[in-house]
Amino acid sequence: LGGPDPLDYVSMYRNLGNPALNVPEHWHYVSFGLSDLYGDNRVHEFTGTDGPSGFGFELTFRLKRETGESAPPTWPAELMQGLARYVFQSENTFCSGDHVSWHSPLDNSESRIQHMLLTEDPQMQPVQTPFGVVTFLQIVGVCTEELHAAQQWNGQGILELLRTVPVAGGPWLITDMRRGETIFEIDPHLQQERVDKGIETDGSNLSGVSAKCAWDDLSRPPEDDEDSRSICIGTQPRRLSGKDTEQIRETLRRGLEINSKPVLPPINAQRQNGLNHDRAPSRKDSLESESSAAIIPHELIRTRQLESVHLKFNQESGALIPLCLRGRLLHGRHFTYKSITGDTAITFVSTGVEGAFATEEHPYAAHGPWLQILLTEEFVERMLEDLEDLNSPEEVRLRHSHISRVLSHRAQPILQLAFDPPLH
């Protein structure tokens with residue numbers, strides 16, 4: 001309606017819960033504005049009734065009602081506006097099982113609930129509107145230890161554990177900002193018997209994160225300012241084509257692969273107003289396929305093989321590298337870092353991933369600002385040894401200087417990682 005906030009409305013309801021299911025009374029918040037409310041292109045392009053409405057979803061939140069509370073607190077509405085602002089600015093959508101690293105009590109108190117997981121709302125089913133389909137994703141407040149477990153294993157697994165612990169959420173995953181214990185402190189067996197075993201068996205289904213990251217081509221200096229071989233911090237890289245951007249977004253959205261051989265999402269994935277629709281992957285849909293060559297500019301079709309690269313991450317993103325290696329690549333999968341400030345993306349792939357333009361012969365390859373790095377299982381094991389300190393990121397102390405590690409890949413190529421102070 002012309003205001004500064006992305007959401008038009010946030011409705012707040014008093015929900016009586018369900019005593020038979022041990023669901024307490026709580027406040028239920030529902031956003032309006034991530035979906036298409038008007039159908040006249042004022043906010044979202046109208047794409048028809050069969051596709052997603054706007055971004056295809058709205059946010060909900062369930063907050064435990066405190067004794068004597070006669071009106072719902074308004075801070076959850078501000079929280080929703082912050083998440084919606086990220087969606088509008090980045091055009092990245094949320095999916096069930098996603099996590100949000102917030103690093104601050106959600107209500108600006110002293111609470112341990114400082115991060116969020118997302119899941120389907122237990123009461124609100126997807127609806128067909130005149131402007132498309134809308135699903136409802138519920139925000140679930142979690143502690144730092146629960147967030148780390150979701151990253152190392154998977155969000156859906158931690159959500160299921162939260163459902164089994166009444167004080168941590170219960171069946172409707174109600175957030176209690178006064179909760180002082182994690183589920184692992186409430187039931188110590190959950191960490192070893194469920195999470196650790198799940199990590200060992202399943203790996204991680206976290207396929208990518210938004211991050212502060214950048215990469216440089218160290219093979220040779222750029223010939224001029226327009227030479228796209230080098231993507232440097234502090235400079236504006238060439239923009240990706242829409243198709244490349246969609247492939248990166250789909251990589252971020254894709255969780256645990258159900259195929260025996262994971263496939264990077266096709267370059268020409270169907271898109272409707274910012275949303276991708278999964279379809280059966282095929283090797284024909286790689287970057288070199290005829291269908292993609294017809295629509296991607298020539299300079300982006302040409303994949304560049306690099307001899308050495310320099311990667312830079314903020315501390316939190318860098319601390320996820322062991323997860324990327326142990327939980328993803330050793331399980332034959334891929335992992336993507338997508339820059340929050342531009343089109344730069346870095347994807348690590350294993351030898352079992354099809355559709356990648358990085359190969360064992362040329363393990364470092366770039367397609368515009370998108371870098372892919374292929375790592376063999378042997379090299380991953382060596383990296384894990386060298387990056388052992390990152391398994392306990394809280395013990396890593398980074399001040400004004402970078403911590404750099406140089407790792408040789410076979411003979412010539414060099415992979416250099418530099419970790420910046422935390423991004424706040």
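The values are calculated or read from the model by the stated rules, or taken from the named source; none is laboratory data. The shown structure was predicted, so the numbers you read here are calculated from the model rather than taken from an experiment. Cβ placement follows ideal geometry from the backbone for every residue including glycine, while neighbour counts extend to all protein chains displayed. What goes into the accessible areas is simple: the full protein's heavy atoms, side chains included, and nothing from ligands, DNA or RNA. Shrake-Rupley method; radii C 1.70, N 1.55, O 1.52, S 1.80 Å.
Please work out which residue is nearest to Asn205 (Cα to Cα), limiting yourself to the stretch 122-170 and to residues that are buried (at least 21 other Cβ atoms within 10 Å of the Cβ) and aromatic (Phe, Trp, Tyr).
Once the filter is applied, the top-ranked residue is Trp153.
Looking at His28, is it buried (at least 22 other Cβ atoms within 10 Å of the Cβ), farther than 26 Å from Cys143 by Cα and assigned by the TED database to the domain that holds Val165? Talk me through it step by step, then tell me what you get.
On the way: buried (at least 22 other Cβ atoms within 10 Å of the Cβ): yes; farther than 26 Å from Cys143 by Cα: no; assigned by the TED database to the domain that holds Val165: yes.
So His28 does not fit the description; no.
Counting just the residues of the stretch 344-378 that are touching a helix residue (DSSP H, G or I) at 6+ places or on another chain (Cβ under 7 Å) and either modelled with pLDDT under 90 or of a type in the set (Val, Ile, Thr) (or both), which one comes out most open to solvent (accessible area, probe 1.4 Å)?
Glu354
Tell me which residues, restricted to the stretch 149-177, are of a type in the set (S, T, N, Q) and out of contact with any strand residue (DSSP E or B) (no Cβ under 9 Å at 6 or more places or on another chain). Talk me through it step by step, then tell me what you get.
If we filter the stretch 149-177 for residues that are of a type in the set (S, T, N, Q), which is where we start, we get 151-152, 154, 156, 164, 175.
Within the stretch 149-177, Gln152, Asn154, Thr164 qualify.
Being under 21 Å from Asp5 (Cα atoms) and open to solvent by 10 Å² or more (accessible area, probe 1.4 Å) is the filter here; which residues of the stretch 57-78 pass it?
Narrowing the stretch 57-78 to residues under 21 Å from Asp5 (Cα atoms): 57-61, 72-78.
The answer is Pro72, Pro73, Thr74, Trp75, Ala77, Glu78.
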